[in-house]
Amino acid sequence: MTQGSLTELEPAERHRRVAAGLAAVAAQVTDWDAPSPVPQWRARDVVGHLLEWFPGFLAGGGVTLPAGPGPDDPVAAWRHQADAVQALLDDPATAGRTFERDHVPAQPLAEAVDRFYTADVFMHTWDLGRAAGVTVALDPAWCAALLAGMTPIEDLMRASGQYGPAVAVPDDADPQTRLVAFIGRDPGWIPAVTRS
């Protein structure tokens with residue numbers, strides 16, 4: 001990603017850049033039923049995951065996203081959700097409001113979106129890119145920052161069932177490779193070639 005590191009941005013601008021990155025990859029998907037690096041997920045399931053969990057997460061804290069297109073049109077559905085979340089973050093009245101829900105301590109809404117959602121979009125951009133055969137270069141500084149934040153809570157993350165076992169990579173692997181491996185992806189994963 002260009003224009004400086006994501007680590008230097010406020011939550012609203014970081015979301016804008018990360019959501020645009022996923023949108024750019026989604027626009028290049030030619031087979032939404034292609035397998036992804038997440039076991040049993042197709043390309044459409046990567047976007048579907050983001051469309052499904054986050055509105056419910058917000059609703060648990062009293063924030064409602066406007067309904068948009070269904071997952072049958074992943075590109076339009078993603079664009080709608082990205083725009084709706086961006087509107088929340090761009091409005092100081094909503095971005096600064098206190099957000100709190102089960103297992104999430106009180107914090108400004110912008111921080112909750114940044115911590116739980118924007119980071120998830122960022123990591124799943126790699127998954128969608130691999131499913132689509134599109135090369136994705138994630139911001140290395142933010143990869144390193146996310147990895148540094150997750151490593152101390154690794155046991156808790158694995159216990160949640162949302163992350164597979166870490167994949168072994170060389171000690172000198174780049175930050176993107178280390179992050180992808182940490183969250184349970186094989187950095188060398190490519191779709192299997194189907195022979196007819």
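Things to note:
- Here the dipole of the stretch 140-189 is about 160 debye; that uses its Cα centre as origin and unit charges on the Cβ of Lys and Arg (positive) and Asp and Glu (negative).
- Across Gln28, Gln176, Gln162, mean-square fluctuation computed from a Gaussian network of the chain (C-alpha pairs under 10 Å connected) peaks at Gln162.
- P(r) weight above 22 Å for the stretch 88-171, C-alpha pairs, percent: 40 percent
- Electrostatic bookkeeping for Arg97 treats Lys and Arg as +1 and Asp and Glu as -1; over the other residues with beta carbon under 12 Å from its beta carbon, the sum is -3.
- Theoretical ellipticity at 222 nm over the chain - DSSP helices of four or more residues, -39500 (n - 2.57) apiece, nearest 500: -15000 deg cm²/dmol
- Rg/Rh for the stretch 140-189 (Cα atoms only, Rh after Kirkwood) is 0.95.
- Proximal charge balance of Ala132 [Cβ under 14 Å; K/R count +1, D/E count -1]: -1
- Computed over the chain, the Cα gyration tensor eigenvalues convert (square root of 5λ each) into semi-axes of 26, 21, 16 Å, ordered from largest to smallest.
- Here the stretch 12-58 is described by how far its Cα atoms reach on the three principal axes: 31, 25, 14 Å, from widest to narrowest.
- Full extension of the chain between Ala34 and Arg97 yields a length gain of 18.7 nm, computed as 0.36 nm times the residue separation minus the alpha carbon distance.
- Radius 15 Å from Cβ of Trp142, net charge of other residues (Lys, Arg +1; Asp, Glu -1): -2
Only the coordinates and a few stated rules stand behind these numbers; no lab work does. Model, not experiment: these values are computed from the prediction. Cβ coordinates were reconstructed from backbone atoms using ideal geometry, including for glycine residues, and neighbour counts include every protein chain displayed.
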